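Note sheet for the following structure.
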């Protein structure tokens, strides 16, 4: 491998691609979370045609966000976090197709002919056996196999990665996070689950009790179990700090209805406002609760911080 391999390229338009971004082997899917099952698919795509550039075609927003806009947020990874996770797998090209109303009406046949062959010039395709595409999910692997062969594109159908609990999936990871088991999510993802976002101004109440926090809106991310977590925060320049995070509605100090993420970084003194940070959840310490006083809250935060330090230090 070259000492400085070319960085991954992200394309948000499948039309008018430069020649060097065409002719790849392309793994197909939503890739929410980029978990170990997705890594299995990407590696199979590369193994099928190691002579070609490795690419992923995915969608933004997730189709479910278009068709069911009133659903609670459910995303494990948003665009930037997903792209970084794919790059870590060796993916060189990401085609992030804009999934809007017009695109959703594209038939399965047109998706194959116009997007995969005409737009991407894909030389080889890889997907799971349940990959569905086109208007009303009218296309599946049978159609893809028939049309790909006719159009001169190779195809690898990759069986899902499974363990004793069944197939590894984004749905399964969402469930364990909502149940308060981030360690299980880590095992399925191959890395701790993280929420990435810009630090916003809060009410600065944490400073008054000796635990200043960085506040990050959950936005379109899944809301995991409310409560306190041992966390590791990656700052914009790549440096990491251990910390203790709270996700929830802060019932002791607020009667708000919107949950948010607050994280206190250990041994850190700086201004993070406006910076993008990534907060990785390593362990669930306790559920959200309402305290009778600020003194009681302060005492519990001190205990939480001590528990998080011990846990993260042991790891």
Completion exercise
So residue 145 and residue 179, fully extended at 0.36 nm per residue minus their Cα-Cα distance, gain in nm 8.4 nm
Practice task
Could you tell me the distance between the Cα centroids of region 277-294 and region 41-96, to the nearest Å?
Solution key: 30 Å
Problem - Distance between modelled label sites at residue 12 and residue 269, nm, 7 Å Cα→Cβ extension - result: 4.0 nm
Exercise for the section: May I ask for the angle, rounded to the nearest 10°, between helix 294-314 and the longest principal axis of the chain, with both axes built from Cα atoms and the value confined to 0 to 90°? Expected result: 50 degrees
Practice task
Working from Cα positions, state the angle (0 to 90°, nearest 10) between the long axis of helix 79-88 and the longest principal axis of the chain.
Solution key: 70 degrees
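Checking a compactness column here: for region 9-163, what do you get for Rg(Cα) / (2.2 N^0.38 Å), N being the number of residues? Kindly include the intermediate steps, with their values, before the conclusion.
Details: Rg = 14.4 Å, N = 155, 2.2 N^0.38 = 15.0 Å.
So the Cα radius of gyration is 0.96 times the expected 2.2 N^0.38 Å.
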Practice task
With springs only between Cα atoms under 10 Å apart, run a GNM on the chain and tell me which of 285, 66, 41 wobbles the most.
Solution key: 66
Practice task
Using only Cα atoms, tell me the angle between helix 36-48 and the longest principal axis of the chain; keep it within 0 to 90° and round to the nearest 10.
Solution key: 30 degrees
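Quick one: work out the % antiparallel among DSSP beta bridges in the chain, nearest 5.
Details: 37 of 58 bridges.
Here the share of antiparallel DSSP bridges comes out near 65 percent.
The numbers here are math on the coordinates, done by the rules we state, and not lab data. Values in this document were obtained by computation on a predicted structure and should not be read as measured data. No Cβ is skipped: glycine too gets one built from the backbone with ideal geometry, and neighbour counts run over all protein chains shown.
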